[in-house]
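Undergrad: Take a look at the following structure, please.
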Amino acid sequence: MAKEITLREENYSQWYLDIVKKAGLSDNSAVRGCMVIKPYGYAIWEKMQAQLDKMFKETGHVNAYFPLFVPKSLFEAEEKNAEGFAKECAIVTHYRLKNDPDNPGKLMVDPNAKLEEELIVRPTSEAIIWNTYRDWIQSYRDLPLLINQWANVVRWEMRTRPFLRTAEFLWQEGHTAHATKEEAIQEAKIIHEIYARFAEDFMAMPVIKGSKSENERFAGADDTFTIEALMQDGKALQAGTSHFLGQNFAKAFEVKYLTSENKEEYVWATSWGVSTRLIGGLIMTHSDDEGLVLPPKLAPIQVVIVPIPKPEPEIMLVADRINDELKAKGISVKIDSDEKNRPGFKFAEYEMKGIPVRVGIGKRDLENGVVEIARRDTKEKTQVSLDTVSQYIEKLLDDIQENLFQRALAYRTAATTNVDSMEQLLEVLDTKGGFCLAHWDGTSETEEKIKELTKATIRCIPDESILEEGKCILTGKPSKQRVIFARAY
RNA sequence: CGGGGCGUAGCGCAGCCCGGUUAGCGUACCUGGUUUGGGACCAGGUGGUCGCAGGUUCGAAUCCUGCCGCCCCGACCA
């Protein structure tokens, strides 16, 4: 059966769609722009959730849940934020259907059931949350308020791609309130750091930490911190943002507290989020022309055991033993005892699904006291003695995790270029793509103009960069550090 | 919103231009058998409102009109 994947070099975007479909991550749905996340794709999301949730809780955050709908009057309270999202909002205007007298068996919107005030389906929850925080916060003793929610949001996108951009998506959004500006900035940076650590240590996806330029900043934020990853096709992916919101929402929603000196002050705020988009990033960081490649720490199944040629008792006995040993080490294992498909089919199938380690057990192996271990990242196969197999796999999973990160890092390093002129920027973008480090005069107008000319935007102003005197590649005005330009998803 | 493409079995497609038996192929699925160390083979079988509505015709998947939906490229995208 031909489960062919389009080659990356042939058509990267088709390759991506093939992986998503053939690895069983998602399906199109009857709703334009909305996808069905299938069990295997959702399992990856659950792994991400579990880890992030742990990291949030370790830093003092708690989960809560706020409504899907936001009354229009609340939504528009913080003007910049409202403006930023206005063009992509879904709006609920009615609350009832009725039988259509002109079309038997069909329903119509009941014109008598018009809402007095329209409800916006949340594109993000600042408005409804800050309206609630007003009631929750009275004194400095109520601060800081550190809340996260796992939720779905809707942004009516013109053009969608599975995971990377869909009309509805799943994410977490943290919303915190603080007594001081410094503490709020600190909070945004703590989360920024958590996101970077999650991306690198769990997704094995190298990221550059930085700040957004004014143009790219979250609407309603004073400062946006971002982690930016580089995909295999040379395009950048914004993978997680953490915003310092100043007192913008506190003022819009009148959220004040009394200090210990009995003075009334507005609180300081942050918000931060990562979404199912990370799954898109995961795919485009590691996968190859044979299918998905998953880092062990996020693989729903880390090891699959395939009996060769079929699950006969003596083989299953060994399979069960290895399974028990691995489970005792906290490693997730699947024994494929299905008799319908042959081993070759299973090999291809599990490669498509990106399972990090495959164990093949055949009679010939058992006679020699070994099993065959294949790693997904390099496709290498080794014979490993039965006595040491579980220790071997435990270490192999760590090796794969590390190798994936190093491989992605090496690619990013190779795809990062210092550019010193507009001509060079365009040339690099059109040939190898990637991150282009260039001097910029710091103005929105210049960024806008460069975007017009090259379709590249400033992905971030890196946190860790060497200060270096230079001249803006467009205007020639002085600049103190290079920023990252790239074409982005 | 512009430009292009597509809608026929779960999936992928042919048939349409030039109307005519019972709508076909691959794959998947079911049954039986032979196989089995990298996507097995043979035989038999199940499965279809041909996107929807209307029109032309003795007769429409095929021609005409209208509608709906999806995909791709672009514009847009904290």
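Undergrad: May I ask you to list the residues in the stretch A:215-241 that are open to solvent by less than 10 Å² (accessible area, probe 1.4 Å), touching a residue at least 24 places away in the same chain (Cβ under 8 Å) and under 15 Å from A:Thr124 (Cβ atoms)?
TA: A:Gly220, A:Gly240
Undergrad: Can you tell me which residues in the stretch A:243-269 are free of Cβ contacts under 8 Å to residues at least 60 places away in the same chain and closer than 17 Å to A:Glu173 by Cβ?
TA: Once the filter is applied, which keeps residues that are free of Cβ contacts under 8 Å to residues at least 60 places away in the same chain and closer than 17 Å to A:Glu173 by Cβ, the stretch A:243-269 yields only A:His243.
Undergrad: Next up: Mind listing whichever residues of the stretch A:204-249 are in a helix (DSSP H, G or I), more than 17 Å from A:Arg134 (Cβ to Cβ) and of a type outside the set (S, T, N, Q)?
TA: A:Glu214, A:Glu216, listed by residue number.
Undergrad: Considering every residue within the stretch A:29-50, establish whether at least one is touching a Leu at 6+ places or on another chain (Cβ under 9 Å), open to solvent by less than 60 Å² (accessible area, probe 1.4 Å) and among the charged types (D, E, K, R).
TA: Within the stretch A:29-50 (the criterion being touching a Leu at 6+ places or on another chain (Cβ under 9 Å), open to solvent by less than 60 Å² (accessible area, probe 1.4 Å) and among the charged types (D, E, K, R)), the answer is no, since none of the residues qualifies.
Undergrad: Ok, one more. Go over the candidates A:Ile305, A:Ile322, A:Ile301 one by one and state the one that is open to solvent by 10 Å² or more (accessible area, probe 1.4 Å), at pLDDT 95 or above, under 28 Å from A:Asp399 (Cα atoms) and under 34 Å from the mean Cα position of the chain (by Cα).
TA: Selected residue: A:Ile301, the only one of A:Ile305, A:Ile322, A:Ile301 that is open to solvent by 10 Å² or more (accessible area, probe 1.4 Å), at pLDDT 95 or above, under 28 Å from A:Asp399 (Cα atoms) and under 34 Å from the mean Cα position of the chain (by Cα).
Undergrad: Give the residues of the stretch A:166-193 that are acidic (Asp, Glu) and buried (at least 18 other Cβ atoms within 10 Å of the Cβ), sorted by residue number.
TA: A:Glu168, A:Glu173, A:Glu187
Undergrad: If I ask for residues that are in a helix (DSSP H, G or I), touching a helix residue (DSSP H, G or I) at 6+ places or on another chain (Cβ under 9 Å) and open to solvent by 100 Å² or more (accessible area, probe 1.4 Å), which ones from the stretch A:82-139 would you list?
TA: The one that is in a helix (DSSP H, G or I), touching a helix residue (DSSP H, G or I) at 6+ places or on another chain (Cβ under 9 Å) and open to solvent by 100 Å² or more (accessible area, probe 1.4 Å): A:Trp136.
Undergrad: State all residues of the stretch A:250-272 that are in a strand (DSSP E or B) and either at positive phi or open to solvent by 10 Å² or more (accessible area, probe 1.4 Å) (or both); if no residue qualifies, say none.
TA: A:Lys256, A:Tyr257, A:Leu258, A:Glu264, A:Glu265, A:Tyr266, A:Trp268
Undergrad: Which one is nearest to RNA strand B (Cβ to nearest atom) among residues in the stretch A:325-336 that are open to solvent by less than 60 Å² (accessible area, probe 1.4 Å) and in a loop (DSSP other than H, G, I, E, B)?
TA: The residue in question is A:Asp336.
Undergrad: Now for a separate question. Taking strands (runs of 3 or more DSSP E) that fall entirely within the stretch A:347-417, which contain at least 3 residues that are among the acidic types (Asp, Glu) and under 19 Å from A:Ile44 (Cα atoms)?
TA: none
Undergrad: Could you list, in sequence order, the residues of the stretch A:274-298 that are open to solvent by 10 Å² or more (accessible area, probe 1.4 Å) and assigned to a strand (DSSP E or B)?
TA: Correct list: A:Ser275, A:Asp288.
Undergrad: Please tell me if A:Leu426 is in contact (Cβ under 8 Å) with a residue 40 or more places away in the chain, in a helix (DSSP H, G or I) and not assigned by TED's automatic domain parsing to the domain that holds A:Arg358.
TA: no
Undergrad: For the structure I just gave you, tell me whether A:Phe163 is within 11 Å of RNA strand B (Cβ to nearest atom), buried (at least 18 other Cβ atoms within 10 Å of the Cβ) and not in a helix (DSSP H, G or I).
TA: Considered against the rule, which asks whether it is within 11 Å of RNA strand B (Cβ to nearest atom), buried (at least 18 other Cβ atoms within 10 Å of the Cβ) and not in a helix (DSSP H, G or I), A:Phe163 comes out as no.
Undergrad: Taking interchain pairs and intrachain pairs at least six residues apart, which have beta carbon atoms under 7 angstrom, with the first residue in the stretch A:351-372 and more than 29 Å from A:Ala23 (Cα to Cα) and the second more than 6 Å from RNA strand B (Cβ to nearest atom) and part of a strand (DSSP E or B)?
TA: Correct list of pairs: A:Asp365/A:Val371; A:Gly369/A:Ser385; A:Val370/A:Gln383; A:Val370/A:Val384; A:Val370/A:Ser385.
Undergrad: Take the stretch A:442-472 and flag every residue that is open to solvent by less than 30 Å² (accessible area, probe 1.4 Å) and outside any helix (DSSP H, G or I).
TA: A:Ala456, A:Thr457, A:Ile458, A:Arg459, A:Cys460, A:Pro462, A:Gly470, A:Cys472
Undergrad: Continuing with the same structure: If you go through the stretch A:377-396 one residue at a time, do you hit one that is crowded, with 20+ Cβ neighbours inside 10 Å and charged (D, E, K, R)?
TA: Yes, the stretch A:377-396 contains at least one residue that is crowded, with 20+ Cβ neighbours inside 10 Å and charged (D, E, K, R).
Undergrad: To continue, here is another question. Among the residues in the stretch A:345-358, are any over 27 Å from A:Ile283 (Cβ atoms) and within 11 Å of RNA strand B (Cβ to nearest atom)?
TA: So far as the stretch A:345-358 goes, no, none of its residues is over 27 Å from A:Ile283 (Cβ atoms) and within 11 Å of RNA strand B (Cβ to nearest atom).
The values are calculated or read from the model by the stated rules, or taken from the named source; none is laboratory data. Values in this document were obtained by computation on a predicted structure and should not be read as measured data. FYI the Cβ positions are ideal-geometry reconstructions off the backbone, even for glycines, and counts take in every protein chain you see. Each accessible area value is taken on the protein alone, full model and side chains, heavy atoms only, with ligands, DNA and RNA left out. Shrake-Rupley method; radii C 1.70, N 1.55, O 1.52, S 1.80 Å.
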